[in-house]
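Report on the following structure.
Derivation of every value follows stated rules applied to the coordinates shown; laboratory data play no part. On a predicted model such as this, the values are computed, not experimentally measured, just so you know. Cβ coordinates were reconstructed from backbone atoms using ideal geometry, including for glycine residues, and neighbour counts include every protein chain displayed.
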Amino acid sequence: MKLISIPKDKYRDYRLDLMFDCYKWDPQFLDNNTIAKYALVITEEEHKQLKKLTEQLDKETREAEEFLNKNLEFTKILNLPFKIHNEIKTMKNYNPNIHIRLMRFDFHPTYEGFKVSEVNSDVPGGFAEASLMPEIAQKLLGKNKYYFKNFGEILTSSILKKVKSNGKIMLVHCTCFSDDRQVMQFLGDKLQNLGFNIIYGASDHIRFKNTEAYSILSGNEGKLDGIIRFTPIEWLMQVKPKFWQGYFNTITPSCNHPIAIFAQTKRFPLIWKKLEEQGLVFNTWKKLLPKTMQVNGKEDKEKYIYKPVYGRVGEKISIKEACEEGEYDKILKDVKKHPNKYIAQEKFESRPLVGDDNEEFHLCLGSYAIDGKHAGYYGRISKTRRIDSNAADIPVLIERNKNDG
């Protein structure tokens, strides 16, 4: 894999195109530009390897969560929030053939091959960045040289298979956040063009009757044929008044169903040993994920990092050299005070990619799976080893083999 520069004389227009035509409404985080001046190019061989690994990880994860859903006595070590633990008892009617199961596995190149830092099991983002951004980059760099997997096309195809034609779908998100809305607006526009009736709402704009979902939004009342949820499961508990419980046992086709909570918690690896005794397999996970264990206060801080159990966007990860002033000590204090809210994970040595003027960038390559099949890539690069809100989004292109004509 390598970084290819967006032509300097084209970059300004490229950035504007992403903002106005590709739903990239937030191209800045504080003083940092979050649109990379590069495209990531992977070889056909790397793509085939990542595709295979992604589908193997997806299979192992889905088999585990479906087993856990039927054998809740094994979930104790996951230490799920009390309110969620009460609700998962209602998920016995979960049918994978009804719902759309979306995951994103975060790969990192290292000196020992690829490593995986985690799975975004619940509400992975990057929809437009994995769909429209590579399309614009491909036009600039050459369609005859590169191709890409269009995540948006793959996701909408899955929705078409499981949601009634021309049905009513609510796109559930935190309506006060523009970065959430841009994800939903991208998907909503695609689905509307396919004939669906799209409603944009918050999680408490749905009521459930006999396990079916209904919209209560003025002018859009009535039965829903699908739910696309972008509000994290653990955030649902904060909704007042409390009308979030029905998400767990609804038979309305959903993406994602709350069964995703089992793998979303970063305590998920702590349960593998018990599940292996029941015949489940985690060979791919164990090969790719650094050693992960419960915090005990005796970890070698040079060898391990701490990660929040429900952290997102790289927040509060104790990679010392990537922390801002005072942040590292603050994280360690919080870990000591709330050890069950963190896990300890063995460090891996990220292999940086080299850009112009020998500038080095660390990569997180998110690889999607939808209903068991690989579904494209979402790339981010950073000058530090922690891929967080300061990272820049980068299009992912696949190099065509020369003998493809």
Worksheet item: What shape does the stretch 292-346 have by the C-alpha gyration tensor, where a ≥ b ≥ c are the square roots of the eigenvalues, rounded means a/c under 1.5, and otherwise prolate means a/b greater than b/c and oblate the rest?
Response: rounded
Response to the item:
At R0 = 45 Å the Cβ-Cβ FRET efficiency linking GLU327 and VAL239, nearest 0.05, sits at 0.90
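For the pairs LYS145/LYS266; LYS303/LYS333; LYS320/LYS373; LYS139/LYS347; LYS24/LYS286; LYS59/LYS402, flag any whose C-alpha to C-alpha distance is greater than 28 Å.
LYS145/LYS266; LYS320/LYS373; LYS139/LYS347; LYS24/LYS286; LYS59/LYS402
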Worksheet item: Rounded, prolate or oblate: which one fits the stretch 231-314, using the alpha carbon gyration tensor with axes a ≥ b ≥ c (rounded when a/c is under 1.5, else prolate when a/b beats b/c, else oblate)?
Response: oblate
Item to complete: If a/c stays under 1.5 just call it rounded; otherwise compare a/b with b/c (prolate if a/b is bigger, oblate if not). Do that for the stretch 309-404, with a ≥ b ≥ c from the square roots of the Cα gyration tensor eigenvalues.
Response: oblate
Practice prompt. Show the residues, 5+ positions off or on another chain, whose built amide H is closer than 5 Å to the amide H of GLY376.
Written response: TYR368
Response to the item:
The summed charge of the ILE100 Cβ neighbourhood (under 10 Å; Lys/Arg +1, Asp/Glu -1) stands at +2
Practice prompt. Rounded to the nearest Å, what's the spacing between the alpha carbon centres of the stretch 234-279 and the stretch 48-111? Just the number, please.
Written response: 8
Discussion item. Could you order the peptides 253-265, 93-105 from most to least packed, using the average number of other C-beta atoms within 10 Å per residue?
Written reply: 253-265, 93-105
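Using the Cα centre of the chain as the reference point, and only Cβ charges (+1 on K/R, -1 on D/E), how large is the resulting charge dipole? Debye, rounded to the nearest 20.
It works out to roughly 1000 debye.
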